[in-house]
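Engineer: Below is one structure. I have some questions about it.
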Amino acid sequence: MAAKYDLTPRIAPQLDRHLVFPLLEFLQERGLYAEEDILKAKIELLNNTNMVDYAMDIHKSLYHSDDVPNEMVERRVEVVARLKSLEESAAPIITFLQNPNATAGLVE
């Protein structure tokens, strides 16, 4: 059942993918489209993002299974490795900023 006056298909391509999620949530809550179609749209939207765990949860919900495609598992490994690398790179700055004695000299 498609909504006669729903503009989401027209405006969604113009929006950042993170702004489309609330629209999809709204459509899902209202039941304007089939649940399966909304979940597939969410997974498609999550492709090429770092929100892999969320995509995996949606996939499990859509297919009523704990199994996820190997591509998602591999992508998750890449994302977690990148996150750890970034955390290690930022560690000296975070340590400095958490030290009140060190940051006191920055405020004048």
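The values are calculated or read from the model by the stated rules, or taken from the named source; none is laboratory data. The structure displayed is predicted, hence computed values, not measured ones. Neighbour counts run over all protein chains shown; Cβ positions are idealised from the backbone, glycine included. In case anyone asks, the SASA skips ligands and DNA or RNA and just uses the protein heavy atoms, side chains included. Shrake-Rupley method; radii C 1.70, N 1.55, O 1.52, S 1.80 Å.
Engineer: Angle check, please: helix 70-98 long axis (alpha carbons) against the longest principal axis of the chain (alpha carbons), in degrees 0 to 90, nearest 10.
Structural biologist: Here the helix axis deviates by roughly 30 degrees.
Engineer: Over the residues of region 36-96, compute the C-alpha Rg and express it relative to 2.2 N^0.38 Å.
Structural biologist: That works out to 1.41 for region 36-96.
Engineer: How much accessible area per residue does the chain have, in Å², with a 1.4 Å probe?
Structural biologist: Here the per-residue accessible area is 77 Å².
Engineer: Then there's this: Can you work out the Karplus-derived ³J(HN,Hα) for every residue in region 36-46? Use 6.51 cos²θ - 1.76 cosθ + 1.60 with θ = phi - 60°, whole Hz, and x for glycine or proline.
Structural biologist: Each residue of region 36-46 in turn: 4, 5, 5, 5, 5, 5, 5, 4, 4, 5, 7 Hz.
Engineer: Further question: Show me the ranking of peptides 51-60, 75-84, 96-105 by mean Cβ neighbours inside 10 Å, starting with the highest.
Structural biologist: Packing order, densest peptide first, comes out as 51-60, 75-84, 96-105.
Engineer: Holding the Cα-Cα limit at 23 Å, pick out from Lys4/Lys40; Lys42/Lys84; Lys60/Lys84 the pairs that are longer than that.
Structural biologist: Lys42/Lys84; Lys60/Lys84
Engineer: Averaging over every viewing direction, what projected area does the convex hull of the Cα atoms of region 19-65 cover, in nm²?
Structural biologist: Dividing the Cα hull surface by four gives the mean projection, 3.2 nm².
Engineer: Same structure, new question: Sequence gap at least 6, Cα distance under 8 Å: using those rules, report the relative contact order of region 13-76 to the nearest whole percent.
Structural biologist: 24 percent
Engineer: Same structure, new question: First compute the accessible area of region 1-65 with a 1.4 Å probe, then give the percent of it belonging to carbon and sulfur atoms.
Structural biologist: 54 percent
Engineer: Related question: Do the sum for the chain: with -39,500 (n - 2.57) for every DSSP H run of n ≥ 4, divided by all residues, what is the mean residue ellipticity at 222 nm, to the nearest 500 deg cm²/dmol?
Structural biologist: The helix contribution divided over the chain gives -22000 deg cm²/dmol.
Engineer: In whole percent, what relative contact order does the chain give with Cα contacts below 8 Å and a gap of six or more residues?
Structural biologist: After rounding, I find 16 percent.
Engineer: If each residue of separation counts as 0.36 nm, what is the full-extension length gain between Ala12 and Asp37 once their alpha-carbon separation is subtracted?
Structural biologist: Once the chain is fully extended between Ala12 and Asp37, it gains 7.5 nm.
Engineer: Let me ask something else about it. Take every Cα-Cα pair in the chain and report what % of them are more than 20 Å apart.
Structural biologist: Taking all Cα-Cα pairs of the chain, the fraction more than 20 Å apart is 57 percent.
Engineer: Mind putting a number on the dipole of the chain about its Cα centre? Charges go on the C-beta only, +1 for Lys and Arg and -1 for Asp and Glu, and I need it in Debye to the nearest 20.
Structural biologist: In debye, rounded to 20, the chain gives about 260.
Engineer: As I understand it, the value is the acute angle between the Cα axis of helix 17-30 and the longest principal axis of the Cα atoms of the chain; what does it come to in degrees, rounded to 10?
Structural biologist: In the chain, helix 17-30 runs at an angle near 40 degrees to the longest axis.
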